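Below is one structure, written out as structure tokens, with a few remarks after it.
The values are calculated or read from the model by the stated rules, or taken from the named source; none is laboratory data. Here the structure is a predicted model, which means the values were calculated and not measured. Every residue, glycine as well, gets a Cβ built from its backbone with ideal geometry; the counts of neighbours run over all protein chains shown. Side chains are part of the model used for accessible areas, which takes the heavy atoms of the whole protein and leaves out ligands, DNA and RNA. Shrake-Rupley method; radii C 1.70, N 1.55, O 1.52, S 1.80 Å.
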Amino acid sequence: MSKKEWPLWEVFIRSKAGLNHKHVGSLRAADAEMAIDNARDVYTRRSEGISIWVVPSNQITASDPTEADALFEPANSKIYRHPTFYDVPDGISHM
Amino acid sequence: MVKDLSIQELEKRFQEKIDKDIKIEPNDWMPDDYRQTLIRQISQHAHSEIVGMLPEGNWITRAPNLRRKAVLLAKVQDEAGHGLYLYSAAETLGADREETIDDLHSGKAKYSSIFNYPTLSWADMGAIGWLVDGAAIMNQVPLCRCSYGPYARAMVRVCKEESFHQRQGFEIMAHLAQGSPEQKAMAQDALNRFWWPALMMFGPNDAESKHTLQSMNWKIKRHTNDELRQQFVDVTIPQAEMIGLTIPDKDLIFNELTGHYEFGEINWDEFWNVVKGNGPCNKDRIDTRKKAKEDGAWVREAALAFADKRQKRKSA
Ligand SMILES: [Fe+2]
Ligand SMILES: [Fe+2]
């Protein structure tokens, strides 16, 4: 018996028109077509989606969680990127 | 940098995250014991979903009408999905899918002992949905808040799907209980056989449960076995009374002071005997799973060969 397993796929579902595809889980399938069919059966049995993306898991590059502090630090110090940073005088509207 | 930290410091930070209810994700640092505990628990859970399809699969072709048949089929199909979500969650921890399944087949890995009891009549489909899925829900709802992200997310999906499982079972029981004397006797007989094994599903008493404390500290577990068992008894007894069935426990009494039911001694010898592989259907269940894997091997290989061929044709 061969020890070769079906590759792992990550599944993304668009739940309705106008929304992003969102990661819902993973599954194994011999190829992309089968991955779509299996994702339909496994992740959309109760009308959870109108569109499916499948991506081979080994094609995903993830940021390193141990580097997260350094990676996201620049955003922390730039509070002027948020509207709450600014004083708006009373009486000003539509802003 | 995390790479330079001592194990003690890493463990301390890990526990701080847990204490603050920050979820652990697959690539995060985690103690080896945490990983191993989760792999064991999640794969055991996955095996239970898959083996759990067999007792009910036994009745699909003999369901009393088309509606019942469609419902049972949908329910069993859900359980296959639950198995898949859980095997996938175990894989995020580095468990090899095939090895995990082979561990089930070799007897190294366990699954819920409830599935080692036979399903002798149609009423057993009612008892299983009502009691077994009911007990499973009791266990799984707190797992939606488990500290390990992929397991918690899988449990959210599972719990959403479980609620119909219990209702369809209760509906079967309620119908039979209101039917002819023979039908009512059939429902009572199913309750008699499944009641105690359902209580055993929550595992050994707290005093005997060696992993509980650590699992609670890691927030893998949120309640002890005895707490969950008591909760199950308290909600289930009024349901049985409502449909006119009798819980097979002569020691059962309601304690006005505590507001809880007190129930009789569980037969732990029976429990351990079934866990050790000597239940009525242990051998049959594993043989069926092994046969399914072996008989399906050529299909999996053919699918890969076909995918290969299609890929080559595309790139040619
Ligand atoms: Fe399930
Ligand atoms: Fe279920």
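GluC sites (Glu not before Pro), restricted to the range B:61-120: which are DSSP loop and have at most 13 other Cβ atoms within 10 Å? Present the calculation step by step, with values, prior to reporting the outcome.
Values: sites: B:Glu79, B:Glu91, B:Glu98, B:Glu99; in loops: none.
Counting only loop positions with at most 13 other Cβ atoms within 10 Å, none of the GluC sites (Glu not before Pro) in the range B:61-120 qualifies.
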Please report the relative contact order for chain B, taking Cα pairs under 8 Å with a sequence separation of at least 6, and give it as a percent rounded to a whole number.
18
For the range B:84-232, just list the percent of Cα-Cα distances falling in each 10 Å bin from zero outward, please.
11, 32, 37, 16, 4, 0
Measuring from the longest principal axis of the C-alpha atoms of chain A, the long axis of helix A:32-43 (C-alpha) lies at a number of degrees, nearest 10, equal to 70
Quick calc, the protein assembly as shown, dipole around Cα centre from Cβ unit charges on Lys, Arg (+) and Asp, Glu (-), nearest 20 debye, gives 1640
Considering only the protein assembly as shown, percent of DSSP beta bridges that pair antiparallel, nearest 5
95
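Which net charge results when you count Lys and Arg as +1 and Asp and Glu as -1 among the other residues whose beta-carbon is under 15 Å from that of B:Ser163?
Values: positive: A:Arg45, A:Arg46, B:Lys75, B:Arg157, B:Lys160, B:Arg167; negative: B:Asp78, B:Glu79, B:Asp133, B:Glu161, B:Glu162, B:Glu171.
So the environment of B:Ser163 carries a net charge of 0.
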Provide the per-residue ³J(HN,Hα) series for the range B:288-305, in order, calculated from phi with Karplus coefficients 6.51, -1.76, 1.60 and θ = phi - 60°, each as a whole number of Hz, with x at glycine and proline positions.
5, 5, 4, 4, 4, 5, 5, 5, x, 4, 5, 5, 5, 5, 5, 5, 5, 4
So the pair-distance distribution of the protein assembly as shown, from every Cα-Cα distance in 10 Å bins, comes to percents of 4, 18, 27, 24, 15, 7, 3, 1, 0
Give B:Lys108/B:Lys276; B:Lys108/B:Lys290; B:Lys17/B:Lys221 a once-over and call out the pairs whose C-alpha atoms are over 19 Å from each other.
none
Average projected area of the Cα convex hull of the range A:8-62, in nm²?
3.7
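Place a +1 charge on the Cβ of each Lys and Arg in the range A:8-62 and a -1 charge on the Cβ of each Asp and Glu, then give the dipole magnitude about the Cα centre in debye, rounded to the nearest 20. Show your work: numbers first, answer last.
Details: 7 positive and 6 negative charges, 60 e Å.
Dipole magnitude for the range A:8-62 comes out near 280 debye.
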Compare B:Tyr148, B:Tyr117, B:Tyr261 in a GNM of chain B, Cα atoms joined below 10 Å, and give the one with the largest fluctuation.
B:Tyr261
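Give the carbon-plus-sulfur fraction of the accessible surface of chain A in %, rounded to a whole number; probe 1.4 Å, heavy atoms of protein chains only.
56
Treating only the Cβ of Lys, Arg, Asp and Glu as charged (+1, +1, -1, -1), what charge dipole size does the range B:31-154 show about its Cα centre? Round to the nearest 20 debye.
Working: 12 positive and 14 negative charges, 109 e Å.
Its charge dipole is roughly 520 debye.
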Among the lysines, which have Cα under 20 Å from the Cα of B:Lys309 when same-chain residues fewer than 8 positions away are ignored?
A:Lys3, A:Lys4
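Classify chain B as rounded, prolate or oblate, taking a ≥ b ≥ c as the square roots of the eigenvalues of its Cα gyration tensor: rounded when a/c is under 1.5, otherwise prolate if a/b is larger than b/c and oblate if not. The partial results should precede the final answer.
Working: a/c = 2.06, a/b = 1.22, b/c = 1.69.
Note, shape of chain B comes out oblate.
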As I understand it, the dipole of the range B:83-218 uses +1 on the Cβ of Lys and Arg and -1 on the Cβ of Asp and Glu, about the Cα centre. Which of B:Gly83, B:Gln168, B:Leu120 lies farthest toward its positive end?
B:Gln168
Averaged per residue, the 1.4 Å probe accessible area of the range A:8-62, protein heavy atoms only, in Å², is roughly 58
Can you find, among A:His23, A:Ala39, A:Val54, the residue sitting farthest towards the positive end of the charge dipole of the range A:8-62, where Lys and Arg contribute +1 and Asp and Glu -1 at Cβ?
A:His23
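Calculate how large, on average over all directions, the projected area of the Cα convex hull of the range B:66-160 is; give the answer in nm² to one decimal. Can you show the working numbers first?
Numbers: hull surface 28.4 nm².
It is 7.1 nm².
If contacts are Cα pairs under 8 angstrom and at least 6 residues apart, what is the relative contact order of the range A:8-62 in percent? Write out the running numbers ahead of the final one.
Values: 86 pairs, mean separation 25.5, N = 55.
Once divided by the residue count of the range A:8-62, the mean separation gives 46 percent.
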Tell me, what is the Rg over Rh of chain A, with Rh the Kirkwood radius over Cα pairs?
1.24
Which ³J(HN,Hα) values in Hz, rounded to whole numbers, follow from the phi angles of the range B:97-105 under the Karplus curve 6.51 cos²θ - 1.76 cosθ + 1.60, where θ = phi - 60° and Gly and Pro get x?
4, 5, 5, 4, 5, 4, 5, 5, 5
Approximate spin-label separation B:Glu227-B:Ala302, in nm, with each point projected 7 Å along Cα-to-Cβ:
5.1
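Could you run the numbers on buried accessible area between B and A, total for both chains, 1.4 angstrom probe, in Å² to the nearest 100?
Working: alone 16810 and 8150 Å², together 22670 Å².
Summing both chains' loss of accessible area gives about 2300 Å².
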To make sure I understand the rule: partners must be lysines, Cα under 21 Å from the Cα of B:Lys250, and not fewer than 8 residues away in the same chain. Which ones qualify?
B:Lys184
Scoring only Lys, Arg, Asp and Glu (+1, +1, -1, -1) among other residues with Cβ under 15 Å from the Cβ of A:Thr61 yields -3
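So if R0 is 45 Å, what FRET efficiency would B:Gln183 and B:Asp21 give, r being the distance between their Cβ atoms, rounded to the nearest 0.05?
Numbers: r = 49 Å, r/R0 = 1.08.
Calculated value: 0.40.
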